[in-house]
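Please read the structure below before turning to the comments.
Just so it is clear, none of the values below were taken in a lab; they were calculated from the coordinates. Note that this is a predicted model, so its numbers are computed, not measured. Cβ placement follows ideal geometry from the backbone for every residue including glycine, while neighbour counts extend to all protein chains displayed.
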Amino acid sequence: MRCLTVGTLGLGLALLAVACGRDTVLSRSQALPEAGWARKHAIPFEFEIQDTARAYRLDFSVRHDQEYPFMNAFFLIYTTFPDRTVAIDTLECILADYRGKWTGHGAGRYKSADFVVKPELYFPMAGRYRMEVKQALRMDTVKHISHIGLHIHAN
């Protein structure tokens with residue numbers, strides 16, 4: 001009986017993973033240079049949109065170490081549409097509360113924090129999109145951020 005329950009649970013989790021994976025347009029994390037992330041350096045993410053009638057959810061993730069000196073971080077997201085027009089969004093990520101406690105999760109030296117950028121996003125045209133992320137802090141090079149990620153899922 002125990003074998004049947006474990007097998008059923010395993011099969012259910014596998015089906016759930018496959019079902020969730022079908023609606024993922026983009027889920028990628030990009031490592032940043034250890035020497036720091038220069039303001040002029042854009043991190044590119046490319047993806048394809050076919051269904052313009054469907055709503056999508058745009059999430060952003062930040063992985064930083066405990067030496068990161070600020071409670072927040074600002075980013076610029078440049079979206080290039082299939083017709084080559086560009087839109088720019090500013091994103092503030094709160095990484096610590098007013099007491100200095102990190103808001104992200106993770107054990108050890110690194111913390112990861114996830115943010116909903118747009119819970120209901122519609123893409124106006126089908127085709128290839130490009131999002132580029134730049135850091136927008138008041139310094140030329142920011143250190144102690146190790147990864148950023150963009151995640152787009154159909155609602």
Legend entry - In segment 24-71, the trypsin sites (Lys or Arg not before Pro) that fall in loop regions by DSSP, at most 11 other Cβ within 10 Å: 40
Inset, instruction - Using Cα pairs closer than 8 Å and at least 6 residues apart in sequence, work out the relative contact order for the chain, in percent. - result: 43
Inset, instruction - Using only the Cα atoms, work out Rg/Rh for the chain, with Rh taken as the Kirkwood radius, to two decimals. - result: 1.05
Legend entry - Difference of contour (0.36 nm per residue) and Cα-Cα distance, residue 23 to residue 48: 7.8 nm
Legend entry - Charged-residue dipole, Cβ positions (Lys, Arg, Asp, Glu), the chain about Cα centre, Debye nearest 20: 260
Inset, instruction - Under a cut-off of 19 Å between alpha-carbon atoms, report the lysines in cross-link reach of residue 40, not counting same-chain residues fewer than 8 places apart. - result: 134, 143
Inset, instruction - Give, in nm to one decimal, the length gained when the segment between residue 84 and residue 30 is fully stretched (0.36 nm per residue of separation minus the Cα-Cα distance). - result: 17.1 nm
Inset, instruction - Would you mind pulling out the separation of the Cα centroids of segment 32-89 and segment 118-137, in Å? - result: 8
Legend entry - Pairwise FRET efficiency - residue 141 versus residue 66, Cβ, R0 = 22 Å, nearest 0.05: 0.70
Legend entry - Helical contribution to [θ] at 222 nm, DSSP H n ≥ 4, -39,500 (n - 2.57), averaged over the chain, rounded to 500: -4500 deg cm²/dmol
Inset, instruction - For a footprinting-style exposure proxy, rank 23, 59, 97 by other Cβ within 10 Å, fewest first. - result: 97, 23, 59
Inset, instruction - Scan segment 37-96 for GluC sites (Glu not before Pro) in coil per DSSP, keeping those whose Cβ has at most 11 other Cβ atoms within 10 Å, and list them by number. - result: 67
